[in-house]
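Structure first, commentary second.
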Amino acid sequence: MSQLDLFADEAQLEQAIRALAGSSDAYLKFLSPNDLGLTGSHQAGIYLSRESAPLFLEGKTVEKGENVEREVRIRFRGGNVAARFVWYGKAKSECRLTRILPLFRPDPARLEGSLFILAAVPDDRSDSLFENDSLFQCWIIESEDEIRAVLDFLGITPAETNQRLRFDLNERLMPEFERLNAAVSEFPSGGEIARRSQSVYERLYGTLEEGVDDMLLRLIEIEYSLFRYFERKHYQPLIEEGFQRIDDFLSLSLEIHNRRKSRAGNSLEIHLKYVFDRSRIACAHGVITSDQRRPDFLFPSLDAYESYRVRHREAENNVSSSDAEGVFFLAAKTTCKDRWRQILTEAPGVNRRYLFTLQQAISKAQLDEMSDEGVTVVMPESYRRKFDAQNRGRIMSLAEFIEKLRQAGCESHDSAGLFG
């Protein structure tokens, strides 16, 4: 990448964040091969979740079994693309954004796993970011560092993409949140909010017989709503009071940004640990190994991992695989587009590594690289199903990973677990 390209990417990132901050509505998703026209499917365009329809239909009521189309204009890197939003209600009840292949040229394969951002243009069309006849502004963010910058700014994880960005508390959650708010005097830490969301889950959904994949996503959804609730309760009065100095405003803005960033980065491990505990799976989380490494999760324990490493060294590597020995390592990363290689040094001696991620699009080339390095991707089943059959077979759901641990004897005898 040339220095000029680097500056152009930085400017694009800044513009995207500015527009998201001022937009009344937006949609984010990770681009899949089907979105990019790489699968040869007859389906055209970017697949959108059903809840995206109001973003394009502007209040129009859609009757059951009705197909609806709407012409939209999308501004991308200084030019306009005449696109089309289609609601397929007769057969599939799904949404697609079509006629947008020009956005992906000249190399659509390079964009697989990139973050697609679509922001509604504010009513004030004089904003310099938009042309007068534009309805939406689009960005495609490729770099993982820049993807994380966008997600951190919004205070979300990849699990909160592929949907409209809006703050809409479930009526069932509101009484629980009000009760929690009455018990705190300061803004809770990210870890505390994650654990409080687990208590909300137990009260509202504890008796629900749902699988571990759905449980994890529900926990993330509750925690995100709870964080936004605390954020509004804590900061809205300060904002309404106004600021005497620019430095005061900047200080508060930085504080809000840092809270969002830390929440998104830490909660995934906390929720995974919760799921493992409720599934009666023994694990060591956040421990430090004898060689000062900090793997996210070791199964069934740190002692088992250290013992395996000793046997591995004494036998000059002539021992069975770590899986066969019942020792497992799992890393947790919300995104894995570039940083997945970091896990290769986090648990030396383990020859099969598992990586849990919330990224909803991973390219075949990247999966090939991971496989060559002995890395198996684990993700929620609803995300795994979106991959084509060939690549789906190389990805494990969380339920499948837990069953593998259970068959290897990594069960805990703690009676607090739920699933057995």
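What's the total number of residues in segment 171-185 that are acidic (Asp, Glu) and either at pLDDT 85 or above or part of a helix (DSSP H, G or I) (or both)? Give the steps one after another, and end with the answer.
First pass over segment 171-185, keeping only residues acidic (Asp, Glu): 171, 176, 178.
Subsequent filtering for residues that are either at pLDDT 85 or above or part of a helix (DSSP H, G or I) (or both) retains 176, 178.
Looking only at that region, the number is 2.
Within segment 39-48, does at least one residue satisfy the condition of being of a type in the set (S, T, N, Q), at pLDDT 70 or above and out of contact with any strand residue (DSSP E or B) (no Cβ under 6 Å at 6 or more places or on another chain)? First the steps, then the outcome.
First, pick out the residues of segment 39-48 that are of a type in the set (S, T, N, Q): 39, 41, 43.
Imposing the further condition that a residue be at pLDDT 70 or above reduces the set to 39.
If we keep only those that are out of contact with any strand residue (DSSP E or B) (no Cβ under 6 Å at 6 or more places or on another chain) too, we end up with 39.
The answer is yes; a qualifying residue exists.
I'd like the residue in segment 331-351 that is in contact with a Lys or Arg (Cβ under 8 Å, 6 or more places away or on another chain) and charged (D, E, K, R) and, out of all such residues, is surrounded by the most Cβ atoms within 10 Å (Cβ to Cβ).
Lys333
Checking Phe243 against (1) part of a loop (DSSP other than H, G, I, E, B); (2) out of contact with any strand residue (DSSP E or B) (no Cβ under 6 Å at 6 or more places or on another chain); (3) within 30 Å of Gly326 (Cβ to Cβ), which single condition isn't satisfied?
Only one criterion in (1) part of a loop (DSSP other than H, G, I, E, B); (2) out of contact with any strand residue (DSSP E or B) (no Cβ under 6 Å at 6 or more places or on another chain); (3) within 30 Å of Gly326 (Cβ to Cβ) is unmet by Phe243, namely (3).
Any idea which of Arg313, Arg309, Arg259, Arg294 is within 28 Å of Leu151 (Cα to Cα) and part of a helix (DSSP H, G or I)? Working first, answer last.
Working: Arg313 fails: within 28 Å of Leu151 (Cα to Cα); Arg309 fails: within 28 Å of Leu151 (Cα to Cα); Arg294 fails: part of a helix (DSSP H, G or I).
None of the others qualify; the one that does is Arg259.
From Ser225, Ser251, which residue is part of a helix (DSSP H, G or I), polar (S, T, N, Q) and exposed (fewer than 14 other Cβ atoms within 10 Å of the Cβ)? Can you show your working first?
Details: Ser225 fails: exposed (fewer than 14 other Cβ atoms within 10 Å of the Cβ).
After ruling out the rest, the residue left standing is Ser251.
Take Leu405 and tell me if it is within 19 Å of Thr161 (Cβ to Cβ), aliphatic (A, V, I, L, M) and touching a residue at least 60 places away in the same chain (Cβ under 8 Å).
Values: within 19 Å of Thr161 (Cβ to Cβ): no; aliphatic (A, V, I, L, M): yes; touching a residue at least 60 places away in the same chain (Cβ under 8 Å): yes.
No.
So which residues in segment 320-353 are modelled with pLDDT under 85 and under 18 Å from the mean Cα position of the chain (by Cα)? So that I can check it myself, show each step before the final result.
From segment 320-353, those modelled with pLDDT under 85 are 320-325, 337-338, 349, 351; that's our starting set.
Within segment 320-353, Lys337, Asp338 qualify.
Answer yes or no: is there a residue in segment 336-348 that is out of contact with any Cys (no Cβ under 9 Å at 6 or more places or on another chain), in a loop (DSSP other than H, G, I, E, B) and within 17 Å of Lys29 (Cβ to Cβ).
yes
Taking Ser267 as the residue in question, decide whether it is on the phi < 0 side of the Ramachandran plot, in a helix (DSSP H, G or I) and within 25 Å of the chain's Cα centre (by Cα). Spell out how you get there, then give the answer.
Details: on the phi < 0 side of the Ramachandran plot: yes; in a helix (DSSP H, G or I): yes; within 25 Å of the chain's Cα centre (by Cα): yes.
So Ser267 passes the test.
I need the full set of residues from segment 195-219 which are more than 20 Å from Ile281 (Cα to Cα) and in contact (Cβ under 8 Å) with a residue 24 or more places away in the chain, in order please.
Answer for segment 195-219, where residues must be more than 20 Å from Ile281 (Cα to Cα) and in contact (Cβ under 8 Å) with a residue 24 or more places away in the chain: Arg196, Ser197, Val200, Arg203, Leu204.
Could you run through segment 357-404 and say how many residues are among the basic types (Lys, Arg) and assigned to a loop (DSSP other than H, G, I, E, B)? First the steps, then the outcome.
Taking segment 357-404 and keeping what is among the basic types (Lys, Arg), we get 364, 384-386, 392, 394, 404.
Narrowing further to those that are assigned to a loop (DSSP other than H, G, I, E, B): 385-386, 394.
The number of residues fulfilling the criteria is 3.
Suppose we keep only residues that are surrounded by fewer than 14 Cβ atoms within 10 Å (Cβ to Cβ) and in a helix (DSSP H, G or I) within segment 193-222. Which one would you say is modelled with the lowest pLDDT? So that I can check it myself, show each step before the final result.
Let us first name the residues in segment 193-222 that are surrounded by fewer than 14 Cβ atoms within 10 Å (Cβ to Cβ), namely 199, 202-203, 206-210.
Still in the list and also in a helix (DSSP H, G or I): 199, 202-203.
Details: Ser199: 90, Glu202: 88, Arg203: 82.
For segment 193-222, the residue satisfying everything is Arg203.
Go through (1) modelled with pLDDT of 90 or more; (2) farther than 26 Å from Tyr201 by Cα; (3) assigned to a helix (DSSP H, G or I) one by one and return the number of the condition Asp277 breaks.
Exception for Asp277: condition (2).
Criterion first (outside the structural domain of Pro33 (by TED's automatic domain parsing), small (Gly, Ala, Ser) and either in a loop (DSSP other than H, G, I, E, B) or farther than 19 Å from Glu400 by Cβ (or both)) does Ala332 satisfy it? Steps first, please.
Details: outside the structural domain of Pro33 (by TED's automatic domain parsing): yes; small (Gly, Ala, Ser): yes; either in a loop (DSSP other than H, G, I, E, B) or farther than 19 Å from Glu400 by Cβ (or both): no.
The answer is no for Ala332.
Consider only pairs whose beta carbons are under 7 Å apart and that are at least six residues apart or on different chains; among these, list those whose first residue lies in segment 142-163 and is within 18 Å of Leu48 (Cα to Cα) and whose second residue is among the charged types (D, E, K, R).
Once the first residue is within 18 Å of Leu48 (Cα to Cα) and sits in segment 142-163, its partners that are among the charged types (D, E, K, R) give Thr161/Lys29; Asn162/Lys29; Gln163/Glu51.
The values are calculated or read from the model by the stated rules, or taken from the named source; none is laboratory data. Not measured: the values here are computed from a predicted model. When we count neighbours, we look across all protein chains shown, and the Cβ atoms used for this are built from the backbone with ideal geometry, even at glycine.
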